[in-house]
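Visitor: Let me begin by handing over the structure; questions about it come next.
Read the figures in this text as sums done on the coordinates, not as results from a lab. A quick note: this is a predicted structure, and the numbers were derived from the prediction, not measured. When we count neighbours, we look across all protein chains shown, and the Cβ atoms used for this are built from the backbone with ideal geometry, even at glycine.
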Amino acid sequence: MSTLPQIGQKLPEFSLPAVSQNGEGFDEMTVSNANLAGRPAVLFFYPKDATSGCTIEVCNFRDLYSEFEKIGIMVIGISRDKLSAHKKFITNQNLPYPLASDEGSKLIQEWGLLKQATMYGKPVTKVARTTFVIDGDGIVRHVFENVTPLGHAQEVLDFARSVS
């Protein structure tokens, strides 16, 4: 059964492979509860690399990244794309934060983020744009659902500033 993590609850255990740019190439890592321990984070789930809405969303987080860093918050994007697709997306959009891969949709499914929709008249299964703000103790402080890509990063930053 899938359950969306709720405000005030401890973030469920998870572990995903991720990649980030390091200036000379890429660092592959694991993003998990253990990595996040002691540091607030924003985990934003998006449908697909290099699509119009997702590009807007990741670039908005990119453009505000230094502001998130100033208040000590990690930013991590998560989708079902492979790490190889993430590397290309990171390079093309010059993203300063890691992208994690849930290639098998296990976590996305566990957290209830897979939604049935219709695209161009055909049924599709897609990832619901959802963002979690987590405090340094691993507690969910806010859940943004049904996210509109444009302006969302600013909305998350405004919330994060209000509680930091």
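Visitor: Over region 56-98, what number does the Rg to Rh ratio reach, with both radii from the alpha-carbon atoms and Rh per Kirkwood?
Guide: On the way: Rg = 10.6 Å, Rh = 10.9 Å.
The Rg/Rh ratio comes out at 0.98.
Visitor: For region 73-159, what relative contact order do you get, as a whole percent, if you take Cα pairs closer than 8 Å and at least 6 residues apart?
Guide: Computed over region 73-159, the figure is 18 percent.
Visitor: Expressed in nm², what is the orientationally averaged projection area of the convex hull enclosing the Cα positions of the chain?
Guide: Details: hull surface 37.0 nm².
Averaged projected area of the chain's Cα convex hull equals 9.3 nm².
Visitor: Taking neighbour counts of Cβ atoms within 10 Å as a proxy for exposure, in what order, fewest first, do L83, L150, L95 appear? Walk me through the intermediate numbers first.
Guide: Working: L83 17, L150 12, L95 21.
Fewest-to-most Cβ neighbours within 10 Å comes out as L150, L83, L95.
Visitor: Can you tell me the FRET efficiency between Q116 and A50 if r is taken as the Cβ-Cβ distance and R0 is 22 Å, rounded to the nearest 0.05? List each step's numbers first, then the result.
Guide: Numbers: r = 23 Å, r/R0 = 1.04.
Step by step, r from the Cβ atoms, then E = 0.45.
Visitor: Among G23, G53, G136, which one moves the most in a GNM of the chain with springs linking Cα atoms closer than 10 Å?
Guide: Among G23, G53, G136, the largest mean-square fluctuation in the Gaussian network model of the chain belongs to G23.
Visitor: With no solvent and one point per C-alpha, what does the Debye sum give as log10 I(q)/I(0) for region 12-52 at q = 0.15, 0.29 Å⁻¹?
Guide: The Debye formula, applied to the Cα set alone, gives -0.50, -1.12.
Visitor: Let's see if you can work this out: charge +1 on each Lys and Arg Cβ, -1 on each Asp and Glu Cβ, no other charges. What is the dipole magnitude of the chain about its Cα centre, in debye to the nearest 20?
Guide: Using Cβ point charges on Lys, Arg, Asp and Glu, the chain gives about 440 debye.
Visitor: So, one more: With each pseudo-label sitting 7 Å past Cα toward Cβ, what's the E28-L150 distance in nm, one decimal?
Guide: For the pair E28/L150, the computed spacing is 3.8 nm.
Visitor: At q = 0.11, 0.19, 0.22, 0.26 Å⁻¹, what is the log10 ratio I(q)/I(0) for region 79-164, with the Debye formula run over Cα points and no solvent?
Guide: Per q value, in the given order, log10 I(q)/I(0) is -0.40, -1.16, -1.34, -1.33.
Visitor: Ok, one more. Size of region 18-86 along its principal axes in angstrom, Cα-based, largest extent first?
Guide: Reported extents, whole Å, longest axis first: 32, 25, 23.
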